[in-house]
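Working notes, beginning with the structure itself.
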Amino acid sequence: MQLKGKTILITGGTAGIGLEAAKQFLDHGAKVIITGRDQSKLEQAKKTYPALTAIKSDIADEADSISLFNQVKELGGIDILYNNAGVMIASTNMGLANDRHLTEALYEMNVNYTGVIRLNNLFMEMLKSRKESAIINTTSLLAYVPSTTDATYSASKVALRFYTETLRKHLEILNSTVKVFELLPPVVSTEMTASRKGKKITPEVLVSQLIKGILKDKLTIRVGDTKIIYMLNRLFPKLAFNLVNPKTTYASLKQ
Ligand SMILES: NC(=O)c1ccc[n+]([C@@H]2O[C@H](COP(=O)([O-])OP(=O)(O)OC[C@H]3O[C@@H](n4cnc5c(N)ncnc54)[C@H](OP(=O)(O)O)[C@@H]3O)[C@@H](O)[C@H]2O)c1
């Protein structure tokens, strides 16, 4: 599908992958609306890229999501809903069996999974009414192989991956023109992974692969190491698990 002339809503567009996507979509001739919870980050993004429209909105909050839908409708609507906002709360900080673990797992599910469903439902009729439209859901390499240090985050991304596949099929059965893309990043150098060592790709590289995929209508967009882990997991699942979970991470799990 083409990006030129399209209007794209990016949730969580004030930092990391979302902000880079805003920049590259603008460069491709799209109009871009971004969201985030922090007003100062929204203002900073607008200062950097004045063509952006920035709306304060928390994807985990139902009233915020409805208000976002109404504001976007007032602005003329969108062609692409890019569900990018996501959170990862390191489970090493909370242990496995305590109340905080549950509270934080619920929050991850709310932002990474149910918040996406809520927005997709709100925007579905608007997207269906467009000539060429799409939803982009952001899952992860960890939706193929779980990380023991980010157990609940991995689980939230698996939920989103299965939902994404079935949403795509459902829309196909209904002969809908709304395309459903899935972006599966490897480890990307952003605030979310700042404390992590090891191999990371830049948001620039990830987003350029996303755009290449969209332009070619490649619905499942696996980038970098996600491609390798995907194949390895099919053939040698134990090896794939050990690569994602090297023994050096065991020490933190014993705390
Ligand atoms: N970085 C990686 O290695 C990696 C790998 C695989 C998948 N991903 C996924 O890629 C997406 C982007 O990750 P990132 O690394 O760019 O994250 P990031 O650098 O932490 O940025 C997250 C963005 O989302 C916003 N956000 C967080 N919670 C929100 C909420 N409840 N409602 C609205 N906006 C919210 C943040 O702004 P505010 O804080 O102001 O709300 C920020 O703009 C996420 O879905 C993540 O799970 C990342």
√(5λ) per eigenvalue of the Cα gyration tensor, the stretch 122-255, largest first, Å:
30, 16, 14
Show that you can apply the helix-only estimate: for the chain, add -39,500 (n - 2.57) for every DSSP H stretch of four or more residues, divide by all residues, and state [θ] at 222 nm to the nearest 500.
-14500 deg cm²/dmol
What number in nm² do you get for the stretch 195-255 if you take the convex hull of its Cα atoms and divide its surface by four?
5.6
Cut-off under 5 Å, modelled amide H: who pairs with Ala134 long-range:
Ile80, Leu81, Lys179
What net charge is computed for the residues neighbouring Leu174, neighbours being all others with C-beta under 14 Å from the C-beta of Leu174, Lys and Arg scored +1, Asp and Glu -1?
+2
The stretch 1-67: Rg/Rh from Cα coordinates, Kirkwood Rh?
0.97
Once phi for every residue in the stretch 159-165 is put through the Karplus expression 6.51 cos²θ - 1.76 cosθ + 1.60 (θ = phi - 60°), the whole-Hz ³J(HN,Hα) values, with Gly and Pro written as x, are 4, 5, 5, 5, 4, 4, 4
How high is the FRET efficiency between Lys4 and Thr103 when r is their beta carbon distance and R₀ equals 45 Å, given to the nearest 0.05?
0.55
Step through the residues of the stretch 228-234 one at a time and calculate ³J(HN,Hα) from phi using the Karplus curve (6.51 cos²θ - 1.76 cosθ + 1.60, θ = phi - 60°), rounding each to whole Hz and writing x for Gly and Pro.
5, 5, 4, 5, 4, 5, 6
Principal-axis tilt of helix 39-48 within the chain, Cα atoms, nearest 10 degrees:
70
Under a Gaussian network model of the chain whose springs join Cα atoms within less than 10 Å, the largest fluctuation of Asn84, Asn112, Asn121 belongs to Asn121
So, how do all the Cα-to-Cα distances of the stretch 78-190 break down into 5 Å bins, in percent, from 0 on up?
2, 12, 21, 22, 16, 12, 8, 4, 2, 0
Extent along principal axes [Cα atoms of the chain; Å; largest to smallest]:
53, 39, 32
Just to be sure I understand the model, the point goes 7 Å from the Cα along the line to the Cβ. What's the resulting Leu219 to Ala90 distance in nm?
3.8
What does the extension gain come out to for Ala63 and Glu191, with contour length at 0.36 nm per residue minus their alpha carbon separation?
43.4 nm
Gap separating the Cα centres of the stretch 107-185 and the stretch 195-250, nearest whole Å
17
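Since every read-out is calculated from the coordinates, none of them should be taken as a lab result. These numbers were taken from a predicted model, which means no experiment stands behind them. Backbone-built Cβ (ideal geometry, glycine too); neighbour counts: all protein chains shown.
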